[in-house]
Amino acid sequence: MTNTFKSGDKVVLNLAAHCNNDLSRGQRLKLQGVLTVLSAGGGMLTLRAADNTETFGWYAYRFKLAETQPAPAKPLHGVTLPVPAVQPEASKQWIISLLNADGTLAPAEKPKPYTSRAQADRVAKDMATKHAGQTFVVFEAVSVASIPAPVVQLKTL
């Protein structure tokens with residue numbers, strides 16, 4: 001499938017695309033967040049990040065259009081509460097949890113997210129080998145939702 005983008009489009013790295021498994025951590029960091037297409041042609045993109053840095057020479061098939069978010073809710077008593085940013089096709093991530101004998105889960109306090117299922121499966125098998133008799137389960141993040149903390153402006157009297 002070929003992605004056709006035009007100047008001004010907002011795009012994000014398509015982490016679900018297997019072609020992006022070969023990107024280094026540095027490349028992923030450079031391409032994180034919403035990017036603006038400056039030019040597109042011949043299947044290649046020149047992009048601008050939120051910090052105004054430009055990067056060029058990226059294949060268009062590595063990206064997808066950024067999901068547009070609904071307009072924020074109208075202010076209520078001077079406080080604006082944004083609509084939750086729900087992303088059904090979240091950047092794919094997998095985590096591993098210990099499955100206790102009673103069926104309860106015991107994930108790590110800060111589970112490490114993996115960017116490919118193959119990597120998470122490998123690590124889970126390694127953990128099961130190291131901890132014989134214990135069962136490890138791989139979970140895929142299927143969506144993400146977040147709401148920024150509300151900002152309250154106090155009026156001085």
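The values are calculated or read from the model by the stated rules, or taken from the named source; none is laboratory data. Keep in mind that what you see is a predicted model, and the values were worked out from it rather than measured. Here the Cβ is made from the backbone with ideal geometry for all residues, glycine too, and neighbour counts use every protein chain on show. Remember, those area values only see protein heavy atoms, side chains included, never the ligands or the DNA or RNA. Shrake-Rupley method; radii C 1.70, N 1.55, O 1.52, S 1.80 Å.
Listed by chain and number, the lysines whose alpha-carbon sits under 21 Å from that of residue 64, ignoring those within fewer than 8 places in the same chain, are 6, 10, 30, 92.
Site pair residue 32 and residue 142 shows an inter-label distance of 2.6 nm when each label is modelled 7 Å from Cα along Cα→Cβ.
Give me the one-decimal nm value for the distance between modelled label points at residue 121 and residue 22, 7 Å along each residue's Cα-to-Cβ direction. Rounded to a tenth, the inter-label distance reads 2.1 nm. The figure for residue 48 is an accessible area of roughly 80 square angstrom, using a 1.4 Å probe on the protein chains alone. Taking amide H positions as modeled 1.01 Å from N, with prolines and chain starts lacking one, the residues under 5 Å from residue 63 and 5 or more places away or on another chain are 14.
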